[in-house]
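> If you scroll down you'll find the structure; I have some questions about it.
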Amino acid sequence: QMQLVESGGGLVQAGDSLRLSCAASGRTFSNANMGWFRQAPGKERDIVAAISWSGDNTYYADSVKGRFTISRDKVKNLAYLQMNSLKPEDTAVYYCAAGYVGDYSKTYEYHDWGQGTQVTVSS
């Protein structure tokens, strides 16, 4: 099992940027696909972005393409989500997760989850 701790959330204005970090420990980080997900009140948890274990492949939801960038640092055991041009509709709790098999773009393939960090974007 991998332990994941998100940080970097906060309250920002529309158009601002934030960088979320996800610190991993426990199971080998370099073997895990990593994903960022978000859940707004009353809505399902949706995938935002994902990166394969190798770092060679990435996936983005259509709603964030061109604005968000996922990356990982295998030396520091960190995953990042750089969020630019934030919009009020990006407001949600953001979670990072680790998956070990299957399609890294699918939510159901993720096994270990962090506790989440709140991102609020005001208009």
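The values are calculated or read from the model by the stated rules, or taken from the named source; none is laboratory data. This one's a predicted model, so the numbers in the text were calculated from it and none came from an experiment. Every residue, glycine as well, gets a Cβ built from its backbone with ideal geometry; the counts of neighbours run over all protein chains shown.
> Taking the residues in the stretch 45-75 that are assigned to a loop (DSSP other than H, G, I, E, B) and among the β-branched types (Val, Ile, Thr) as candidates, determine which candidate is surrounded by the most Cβ atoms within 10 Å (Cβ to Cβ).
64
> Still on this structure, I have one more. Please verify whether residue 61 is aliphatic (A, V, I, L, M) and over 15 Å from residue 113 (Cα atoms), treating the condition exactly as stated.
Criteria met by residue 61.
> Scan the stretch 1-44 for residues that are buried (at least 22 other Cβ atoms within 10 Å of the Cβ) and of a type in the set (Gly, Ala, Ser) and report the count.
3
> With respect to residue 74, determine if the residue is out of contact with any His (no Cβ under 6 Å at 6 or more places or on another chain) and under 21 Å from residue 2 (Cα atoms).
Taking the combined requirement at face value, the residue satisfies it.
> Of everything in the stretch 93-116, what is in a loop (DSSP other than H, G, I, E, B) and either polar (S, T, N, Q) or crowded, with 17+ Cβ neighbours inside 10 Å (or both)? Give them in sequence order.
104, 105, 114, 115, 116
> Is it the case, given these coordinates, that residue 80 is at pLDDT 95 or above, closer than 14 Å to residue 5 by Cα, under 14 Å from the mean Cα position of the chain (by Cα) and among the hydroxyl-bearing types (Ser, Thr, Tyr)?
Details: at pLDDT 95 or above: yes; closer than 14 Å to residue 5 by Cα: yes; under 14 Å from the mean Cα position of the chain (by Cα): yes; among the hydroxyl-bearing types (Ser, Thr, Tyr): yes.
The answer is yes for residue 80.
> While we're on this one: Return yes when residue 90 is of a type outside the set (A, V, I, L, M, F, W, C), out of contact with any Gly (no Cβ under 8 Å at 6 or more places or on another chain), surrounded by 22 or more Cβ atoms within 10 Å (Cβ to Cβ) and touching a residue at least 24 places away in the same chain (Cβ under 8 Å) and no when it is not.
yes
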